[in-house]
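Undergrad: Pasting a structure below so you can have a look.
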């Protein structure tokens, strides 16, 4: 992510735009491509205001866990509020500009949605996602700012991930090794 969080006013505007977007394009439709199952451990990297929080929680159930990571403190406040409103006890927030602090090979899925283009150190982020994903774990990727060839090249060039499938909205990469 960017080295410094954007101003609160920009973040609030972005959050409002996401709420409108989600009315017309529900996040649950995007998540259908991921293959989330009951009990999965999921990292929403660059979670923003938590647009994916409730749909992920519905798919992984109370036995799963959602880690919501963002650099912006306001994002994490919004995620905590959504989790409390939804009575979700399985949400953990992480404020970071890169490293997760999670144990290695502990996650089933990493969501990297519409944030990659804004990362100052994308290689560092991909290495961290590779570290925390279980072997064969899924990196679900989407970034409308990038072309398909850019996405595939950027994610696979270091040999940490291989393209597993391409959906209508997302790319699924498997963690290698």
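Undergrad: Could you list, in sequence order, all residues of region 112-135 that are surrounded by fewer than 20 Cβ atoms within 10 Å (Cβ to Cβ), under 16 Å from residue 171 (Cβ atoms) and modelled with pLDDT of 95 or more?
TA: Correct list: 122 only.
Undergrad: Now, a different point. Given the criterion within 14 Å of the chain's Cα centre (by Cα), touching a residue at least 12 places away in the same chain (Cβ under 8 Å) and closer than 17 Å to residue 70 by Cβ, identify the matching residue among 133, 102, 119.
TA: From the options 133, 102, 119, the qualifying one is 119.
Undergrad: So, in region 37-55, how many residues would count as being within 14 Å of residue 138 (Cα to Cα) and buried (at least 23 other Cβ atoms within 10 Å of the Cβ)?
TA: Total satisfying the criteria: 4.
Undergrad: Could you give me the residue pairs with C-beta distances under 7 Å whose first residue belongs to region 38-65 and is on the phi > 0 side of the Ramachandran plot and touching a residue at least 24 places away in the same chain (Cβ under 8 Å), whose second residue is buried (at least 20 other Cβ atoms within 10 Å of the Cβ) and in a helix (DSSP H, G or I) wherever it lies, and which are 6+ apart or on separate chains?
TA: The qualifying pairs are 39/60; 48/75; 50/78; 50/79.
Undergrad: When you look at residue 109, is it in contact with a strand residue (DSSP E or B) (Cβ under 7 Å, 6 or more places away or on another chain), buried (at least 22 other Cβ atoms within 10 Å of the Cβ), touching a residue at least 24 places away in the same chain (Cβ under 8 Å) and part of a strand (DSSP E or B), yes or no?
TA: yes
The values are calculated or read from the model by the stated rules, or taken from the named source; none is laboratory data. Computed from a predicted model, the values in this text were never measured in an experiment. Here the Cβ is made from the backbone with ideal geometry for all residues, glycine too, and neighbour counts use every protein chain on show.
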